[in-house]
Structures are given as C-alpha cells and as structure tokens.
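Structure first, then comments.
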Amino acid sequence: MNTEHPEHAEPRTATDATAVTAGTDADREAAVDKSLSRLSLPAKVALLAGADMWSLPADESIGLGRLVMSDGPAGVRGEHWSADDPSVAIPSPTALAATWDTELVREAGRLLAQEARRKGAHVVLAPTVNLHRTPRGGRHFECYSEDPLITGDLGAALVAGVQDGGIATTPKHFVANDSETDRYTVDVHLDERTLRELYLAPFEAIVRKATPWGLMAAYNQVNGTGMSEHTALNQEVLREEWGFDGVLVSDWTGARDTVRCALGGLDVAMPGPATVYGEHLVAAVRDGRVPERTVDDLARRVLRLAARVGLLAGAPAAVPAELLPPAIDGEALAHRIAARSFVLLRNEGGLLPLAEQPGRVAVIGAAAARPRIGGGGSAEVLPARTVTPLDGLRAAGVDVSFATGSDALSNPAPVAVPMTAALLDAAGAELAGTVVPDGFVRWIGELPGRVAFADLAQVRLAGTLVPQGSGTHRFTVRGAGRFRLEVDGRVLFDDVLVPEGDDPAAAFLAPPQRLFSVELTAGRAVDLVLDHTLPQAAGVAGFGLVSFTLGHAAPALTEDELIEEAVAAARAARVAVVVVGTTEEVETEGVDRADLALPGRQDDLVHRVAAANPNTVVVVNAGSPVLMPWRDQVAAVLLTWFPGQEAGAALADVLLGRTEPGGRLPTTWPAGAADAPVLRVEPQDGVLPYEEGLFIGYRAWQRSATAPAYWFGHGLGYTDWEYEGMEVRHLDGADDDDPYRAVAEATVWVRNTGGRTGRETVQVYLAHDGVDRSRPDRHLAGFASVQAAPGERVAARIRIPRRAFETWDTPAGRWLVRAGVYAVEAGRSVADRRLSVALDLPPRS
Ligand code: BGC
C-alpha cells in the first residue's frame, strides 16, 4: 500500500523527501482494521464528512479523536480566523518558489507543522501545486511556478517538512484548477499528453516522492467529469498507478453527488454537517447503489490518516513526540525566507546595495506603510505583527521621509475605531454581543457567543468616530445582503448588495460595495451604525459565513497632489524607494485578473519619481506578474512578492546589503499586456480548452516573436558569476521503476567573480535535437544552489531524473524514454545559458 522507495546510494536531484516515520505501517494498518470492524454502517459513514467547517467527528467507541484541518499554505490559520488567534505569516508560495531551495521549503513545512500543533490542527490544506498556466490566474500567488519540475520538487519538500512534524498535508487542487473564473463549474478540456506532462506532473512527483497523507480534489471538471467524482484520475491514476494511500478530501462544498463521489473515490466531503454523504450515503448503501465495501475503503483511509497523526487509539503516530524536529523560531524563518525570495530584476550601475548610511531615503507608496504580506482568500493568515517597509528601514537606522504618492486601494480600509457587534435574531432580540477592533467583521463556521447560524438574522455594528480632518469623508459598505448605514443620524444607504456569480464564497472573496461621501468637522464625534441583514445563503450547506466591512477614508490630497508631494520628497532625498503593488481586489482567490497593469496611478508615480531622482529603486509588492512600463527608466527593480509578516525587516537587510536578494523567477514576467502566450481564462459554454497544449510559460515564450520583460530563472544577486565548465555523465544501473531516479549527473563549475560572498542557483535545461516540434525546445531538468566567497570556484552537482527524458505516449498509455542526443545546458535563466554539453542517451534496455 505504501510508496516506499528503495534506498538510493546517493540523494535524488532535489530533496530526498521521505519523511522520518516511526511505528510501522503494519502496526497502524492492524489498528485501522480492528477499528473498522467495530463500526456500524452509519458510524463508518459519519467519518466521511465534516462535523463542522474544519473537522471530522470523533468516535469514542473506537478511541478516535476529532481531526481538525486548517488552511495553509502561507501559514496555519487554525479554526478561528481572527486577530486574537494570530499565526506566523510566511511569504506566499511564489516567494517560496523563488528561493529554488528545497531544504528551505522543507524547513517552512516544519514550521507549518509546528504552527498546526500549536493550533490543534492535524491537517494543513497545502501546498497549492496547480500551475501558472497564465499570469491572469487570480490564485497565481498561491502556486509555485509555470514549470512542473520545480513545482513538484518544492511541493514534495513542503509535504515532507510538514509530515516531519507529524502533521498531514493535502496537496491541492487535483487537478487543472489553474484559474478562478467559474471555478465551481468550469470544465477544463485538455489532451492526455498535456495533462500528464504538465498538470498531473507535480502531483505525481509529490505522491511518489513524499507520500502525502492527503490530497484535495479540485472544484472543476476535467474533460467532462467533476474532479470529486473522477474515477479515472482519482482511482486509476492517483491510487492504482501512483500508489496514493492517503485521504482524498473535497474542496469546500465541492462534493455534489452521493453515489458518483463515493464510487469515484472521494473519501471526505467538506465542510459539514450538511453534505452529500451522511444519511444520503447510508441510504445509497442500503438500496444497493453503493457497495458497503466502497464505504469500508473510504473509512479505512480516514482511519489511516487519523492513525498517522496520532488520533487513533492503539495505533502508533507516524512521528512520535520524541522524533519531532527541534522548535523553530517562526519570525526568524519568515524573515530568512523573505530575503532569500526577493528577486533583484535590475540593478543599473550597481545602485544596490545601498551604503549602511545611505543618506536621506524618500520612501514612497501606500504599500510602504501598508504592505500586502499575503494574497487574499483562504490562504490569508493574520500575524501578531507586521514589519512594514517603513518600519524596517527606520529600525535599521535609515534617515527616511515618507510620501503616499499613490494609494491604489479603491477600497478604504476598515474604519479604525473599535465597534460593538450585536448578533440579533429575526425578531431583533440580541443573542450575543462582542467587540471588533475595527469596521471589519468575518466569522466563518463559528459565531461569537456560540450562537447558531440558523438563529442569526442580523448584525448591528456600532461605534463612534472622531474625525481627524474637516472636509469630505468617504464611507464604504462592502459585503453581501441587506445593509442600512447611518452616519451622524443620517441614513446613507438602505438596500441589498448582491455578489456576482454563483461562488458561495464570493461574499468574502469578491464582495460588492457602495461608496458614500459625508462632510464632517475635525474633532466633532459622530455615531456610526451599520445594520446588516444576512443573505439567505449565509448558513446554507454548512458554509456558515458572516463577512462585511464598514470602510472609511479621511479627507486626503487629490491623486495629482499625492504625486507632486512624492516627487518633491524624491528630489530632496539621495535615494527614492518606491513601493508599488497589487491590491486585494486584484490578486485574490475567487477571481482572475482582468489585466496585469498596476492598479491606480502607480505607473505615473514611478515615471515621475524616476525623472526626479536617478537613484530610484522600485520595490514590487505583488504575488504574480505585473507590467512595469518604467523598468528601463529606474536604477533598480526589486521584486519582494507577498513577503509575509517580516516584510520590512527583510527589505531593509536586502537594500542595505546585509543580505543578498537570493531569488530567481519561478515564472516568466511579460513586458506587455497582450504578450503572454496564454491569456484566456474565460470558459465558453462552460468549457475552458487548454488549446495551447504543452506550450505554457517559458515553453511557449521560447517560440514567441516577442521577448518577455524577465525570463524564467532570472535574478541578479549582489555578486557576479562565471560559468567555467561542465561535465555530464550518464549513470548506469538506473533502469528501475522509479521515474525520479537520476539517469545523468551534471557537474557545473562556477566562480564567484564579484566582490562579495554570494549564492548562485545553477539551472540545468535539457534541449533535444529539435526534429520533433511537438516537444518544447527545452525544459528545466534540475537545479542546485551553491555558495562561494569572492574568487572562489565551486561545483554544483545536478542530478537529472529519468522523467526529464520521457514523454507521454498517448496511444500506448505510458511514458516513453526518448533516447537520442540531448544538449544539457547550464545557466542563470532559461535565456541566459552559459554552457552546453552533448549527452547521448541510450535506449532503455
Ligand atoms: C479553497 C481551498 C481551501 C478551502 C477551505 C476553498 O474555497 O479553494 O483551497 O482549502 O476553501 O478554506
């Protein structure tokens, strides 16, 4: 049942992702079988569906504990999504991927396990290993890359790290959930070769290398069948072919048909308690539509998961307490990953690093004071603290001035006063009350005062605002349902807001909003009252959700005035650091991106600041590609992604040269809006065809007439490297069944020719003779990082797995090793290849 790998004499290409485990599988299986045999049909079925938003029920009769799941991947939220239960917020997955460092990602996984334990969770709903098919994908920030090899290697490392800590993962969303438009229903059509070579590839690598204890099925359909019911992919490929023995859990509300899900191999329907399993599944077994042995299979896998995480009496946990990894300092690790992930895209004249005492630095941009540390949606975690870029530079002793420059947020922030929130029933009687720190309310799955969702009809938010300035104040109401807003005794709004589309989570992912202007006088307190009547759907299908915002913005300068102020600040300083980025409306789960431009007037701002100060550094705070029309006019461009809670501390280190920016792009960044090879995310008549086949990301850019702004793999660091030589040898005895076993090894000698110690990510690409145009011209075959002091020469050893030489043979239904002459190329990006050696791969004996 287990995907055990034989011991290899030498490590694999990247991480050897096998987690340390104790207690044998046989011990656990014996306990699982014993427990299963003692359960009645309804008791077995009860294990297969959520008891609530995040957990599976306990069963005392067999000593089974309550099993709690919690979202990742940028931290572990726990069951409560609130500021008084904070989580360590690490950089988002694109940042993690930019480190190209499986060991560091494994360490991040161990931190997630530690956080999960602290929060009483047993399963982390991560990593997200869908691909960057197009930069328009709204959840791009939450996945790793446009390349399946690096995605699989990093995904396996994260899973191994979390499971080192005895906590389960659910790599997600299986499969072809690569954009968000109509995500609940979209039917992705793609050919088998593309499915195998691109979209299934990371899942296969993770399952075979890291043996995840769970996996999450996607919402979408693939070639006409919903992924929660996809027998061919879930049973035949995932379980039978790859040997997956973990739990397949639905995406939230993704299980829609009792019989098809059960027969299709979906073990768990989330959230509960109202699901298509429960009494519906009991009835389906009783009337013969689902065999009881199918339920046994599903329940066995749930019990196996419980055993692995130590929740089943009589079964040894996979990782006993004495084998848990040493405690990790979460803040320190978040800080380290951030600096290692920052990508120096451009550095004209070596402006960076700045001197330790760089003189006056004008810090410009709303995101400098209010950075986006993570992307929106289920991945969002609330840290105990956030170090902003401004905080970070000030703490480093830099003499800074600040100007907002441009505030791209079209949504004012939640009104910054404590508010009382009264929970009322349909008759207006108060059921419970609480205080929220500002005008933002979000309760998911659980209500204050343990009020039942079924009883809650209305929420009344009330508070007092003392205006800071006289003039036009703006208020916004954001959410779904009926709202009545009263400011200073005047009713500004009394109507219903309805979200677009049929996404049950739209009320918090992409809520509608209304904006109002009121003249107020500085210092004269005004009462604010927002009554919210919940939409019908709020408590339906177990998706208990209350989410709305009362926003407020004090009178501000006009956009032109803000830019003028920033230009003046830039002129008066030696260096200008402009922080630009996307907003929560632009990069979030639930919606795709309309375009790739920076929102608001940020491009204007950069142009103007760059014209005023030649020493302009632009810091890009975005989780995925944005257009940078000014990139050749500024001295330096530093991409910091969504950097997690230690954002500003890491930024100060990198700007001042205390740390090198270690990142390399895991995805190609286009120069113009229309240049990206794949742009379409909108289904037609419910179908989204992946017409481009294998040609996504750099595989497509290599054949495009236009060059991107920055290629896959690009990133400068603070020193220079000479690629001095490469040797490639074919490894004998690699003819076993493990497609990740290395069949060749490249040794690449690089010399640090710059003036400081640095780290280089050596990338190896495989190019074939070009005769077969159905294959991309070249693809990433392996990578490794090395460190060297000035003048030092070091060797990077990169092992190339057999899979890198294989293509999927659709008629035969199997992988085929493509023997022949390859060019093994080593370089700094897919476009900056410095060395090439021919390798004649013999046919498999
Ligand atoms: C997301 C999943 C997430 C789940 C639970 C869904 O809407 O697609 O990635 O794990 O919600 O929050």
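The values are calculated or read from the model by the stated rules, or taken from the named source; none is laboratory data. Keep in mind it's a predicted model, so treat the numbers as computed, not measured. Cβ placement follows ideal geometry from the backbone for every residue including glycine, while neighbour counts extend to all protein chains displayed. Surface areas here come from the heavy atoms of the whole protein model, side chains and all, with no ligands, DNA or RNA. Shrake-Rupley method; radii C 1.70, N 1.55, O 1.52, S 1.80 Å.
Structural remarks
- Rounded to whole Hz, the Karplus (6.51, -1.76, 1.60) HN-Hα couplings of the stretch 29-41, x for glycine and proline: 4, 4, 5, 5, 4, 4, 5, 4, 5, 9, 9, 6, 4
- Per residue, the stretch 419-551 exposes 45 Å² of solvent-accessible protein surface, assessed with a 1.4 angstrom probe and all protein chains in place.
- Straight-distance candidates among the lysines for linking to K44, with alpha-carbon spacing under 21 Å and chain neighbours fewer than 8 residues away dropped: K34.
- Extension gain from A454 to D632, taking 0.36 nm per residue of separation minus the Cα-Cα distance: 58.3 nm
- Solvent-accessible area of the chain (1.4 angstrom probe, protein heavy atoms only): carbon and sulfur portion equals 49 percent.
- Size descriptor, Kirkwood hydrodynamic radius, that averages inverse alpha-carbon separations across the stretch 419-551, Å: 15.3 Å
- Rounded Å value of the spacing that divides the Cα centres of the stretch 594-625 and the stretch 271-336: 46 Å
- Whole-number D in µm²/s for the stretch 127-210 (Stokes-Einstein; Kirkwood sum over Cα pairs; 37 °C, 0.692 mPa s): 251 µm²/s
- Built amide H within the under 5 Å cut-off of V400, gap 5+: V361
- Size of the chain: Rg and Dmax of its alpha carbons, in Å, are 27.0, 86.
- Accessible surface for the stretch 721-841, divided over its residues, is 40 Å² per residue with a 1.4 Å probe.
- Charge-dipole axis of the stretch 103-161 as Lys and Arg at +1 and Asp and Glu at -1 on Cβ define it, positive-most pick from A121, Y144, G109: A121
- Over the stretch 256-366, volume per residue of the alpha carbon convex hull, in Å³: 252 Å³
- Under a model in which nothing but the beta-carbon of Lys, Arg (+1) and Asp, Glu (-1) is charged, the stretch 419-551 shows a dipole of about 260 debye around its Cα centre.
- Modelled spin-label separation between E722 and V498, with each label point placed 7 Å from Cα along the Cα-to-Cβ direction: 7.0 nm.
- In this rough spin-label picture, where each label sits 7 Å from Cα along the Cβ direction, the A43-A232 distance is 4.0 nm.
- DSSP-assigned coil residues among trypsin sites (Lys or Arg not before Pro) in the stretch 353-391, each with at most 15 further Cβ atoms within 10 Å: R360, R385
- Alpha carbon convex hull of the stretch 597-696, projected area averaged over orientations, nm²: 8.9 nm²
- Quarter the surface of the alpha carbon convex hull of the stretch 721-841 and you get the mean projected area, 7.7 square nanometres.
- Centre-to-centre separation between the Cα atoms of the stretch 245-270 and those of the stretch 556-570: 54 Å.
- Amide N proximity, the stretch 805-845 versus A707 label position 7 Å along Cα-to-Cβ, cut-off under 16 Å: 828-834
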